[in-house]
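Notes follow once the structure below has been shown.
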Amino acid sequence: MLAGILALAAIIGALVVPAPPGWSGQAIAAGGLTIAAITLWASSALPMGVVAIGFLLLAVLLKVQPPAVVFSGFQSGALWLVFGGLVIGTSVAYTGLGKRLAASVTSRIGDSYFGILLGIASAALILSFLIPSAMARSVLMVPIVVSVAENLGFGAHSRGRTGMILVAALVSFASGGTVLTAILPGIILAGAAETIFGIHITYGGYLLASFPVMGVGRALLIVTLAWWMFHDKANRPITPKEARSSVTMSEWRLAFLLVAILVLWGTDDLHGVHAAWVGLGAALVMLTPSLGLVPPRTLNERLDYNSFFYTAAVIGLGAVITGSGFAAGLAQWLVAVYPTGEAGNAVQLAGLSVAFALLGPLITNPGIPAVISPLAGDLATLTGLPIKSILLAQVFGFTNVILPYQAAPFVVALSMAGASLRDGARFTVAVTLASIVLIVPLQTGWWQILGYLD
């Protein structure tokens, strides 16, 4: 109830309160709708698909941006990758391949919950080098992790299963994002650095600057916190029985298709086909009735479209707050109020890293490099830091997740697995606080060793 009242107040306030100097009416309206959607998503007061449809409808009716901008999410490859992922997940469960893989995995990793989480995190990090899309990694990993959880006896809403899904989803996005090609914001950052400032951010340079601390270090932090918050004991004897049973023709077909998907995702630089279209093509093959890879009437009855509409709305939200000027206004406000003082370069860079992360809930993670990168010159003048250091400070911001909706791959993974957004929010807030205390100082020290503060 409280969340609904706050959301309604945000919308009414945006329509009634006069725009302050320097802000357009469209920007304020976009801000009000964004805050309303954030409140409802974060509180889980309504199903996320319902909130998503409501946001799209109000954004069009209130003419915050043209319909082409509001509904731009439906033209995004990420949305169709989500659809493909939903079909893949259905097929993995239906054919029994997920249970077979789970039996094989669990018979090798034992029943140590920390070991299970560490294995999941390691797989997510490895896939970050192979699959250049956080959404693709999520839709590939989640069905397997769910099957592993079930094989260990963790029920649909158990603590153990929730922790496993959270580790798979967050390591895939947050730690995986320290590989330049692994998530979209990293590519946006590299493009903006070269276009605006003539600074070439190389794959190796980005990896060296980010992966040791924000990649591996944060993955260990995520695993440790998940073990502490969701520690559970496997209550089913681990046996390779399922792995030894005869493989069905449907399983062989699906296994071949999954290998083909992985190869195509990992070699997109060679063939030029977007990961989304690979996923959509795979979904089309799986939906072919004669192959027996998904249940009959899957499109009508089996797919959860909550995550589909949510992804479209989040992408549209990013376009709306950027097109209306709301994101740019927030960024300009940050430049105006950011305290410089006499703090040293290390403190300044750490402060900027945290400030960029705090912008995430308002402009979503892909919006951070899009709106902050053009301001790097102004921030360099204010702080005395090199422009390249300020650009790299964004990596902590756009790989950190404070609330699930900020990062579409993360929340889609939760939705696919049936995990609670409330549990997801509890976990991401805990990881954020621990990261500010532990990862930011370590990362700043690492940058100092590399000479990024001079």
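The values are calculated or read from the model by the stated rules, or taken from the named source; none is laboratory data. From a predicted model like this one, the values you see are computed outputs, not experimental measurements. Here the Cβ is made from the backbone with ideal geometry for all residues, glycine too, and neighbour counts use every protein chain on show.
Structure above, values below:
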item: Among the residues listed as 124, 136, the single one being modelled with pLDDT of 85 or more and surrounded by 24 or more Cβ atoms within 10 Å (Cβ to Cβ); result: 124
item: Residues being assigned to a helix (DSSP H, G or I) and within 26 Å of residue 121 (Cα to Cα) - total across region 192-226; result: 24
item: Scope region 111-159; condition farther than 27 Å from residue 280 by Cβ and part of a loop (DSSP other than H, G, I, E, B); matching residues; result: 111, 112, 152, 153, 154, 155, 156, 157, 158
item: Flag for residue 105 being at pLDDT 80 or above and crowded, with 19+ Cβ neighbours inside 10 Å; result: no
item: Residues that are surrounded by fewer than 24 Cβ atoms within 10 Å (Cβ to Cβ) and in contact (Cβ under 8 Å) with a residue 24 or more places away in the chain, drawn from region 152-173; result: 153, 156, 157, 158, 159, 160
item: Residue in region 324-331 that is assigned to a helix (DSSP H, G or I), at pLDDT 85 or above and surrounded by 21 or more Cβ atoms within 10 Å (Cβ to Cβ) present; result: no
item: Failed item in (1) under 19 Å from residue 137 (Cβ atoms); (2) touching a residue at least 60 places away in the same chain (Cβ under 8 Å), with residue 448 passing the rest; result: (1)
item: Looking only at region 336-377, and only at residues there that are among the β-branched types (Val, Ile, Thr) and exposed (fewer than 15 other Cβ atoms within 10 Å of the Cβ), the one that is modelled with the lowest pLDDT; result: 340
item: Selected residue [more than 24 Å from residue 307 (Cβ to Cβ), touching a residue at least 12 places away in the same chain (Cβ under 8 Å) and either under 18 Å from the mean Cα position of the chain (by Cα) or surrounded by fewer than 24 Cβ atoms within 10 Å (Cβ to Cβ) (or both)] from 176, 215, 191; result: 215
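Yes/no matrix, rows are residues, columns are (1) touching a helix residue (DSSP H, G or I) at 6+ places or on another chain (Cβ under 8 Å); (2) at pLDDT below 85:
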position: 209; (1), (2): yes, no
position: 214; (1), (2): yes, no
position: 218; (1), (2): yes, no
position: 223; (1), (2): yes, no
position: 227; (1), (2): yes, no
position: 232; (1), (2): yes, yes
position: 235; (1), (2): no, yes
position: 239; (1), (2): yes, yes
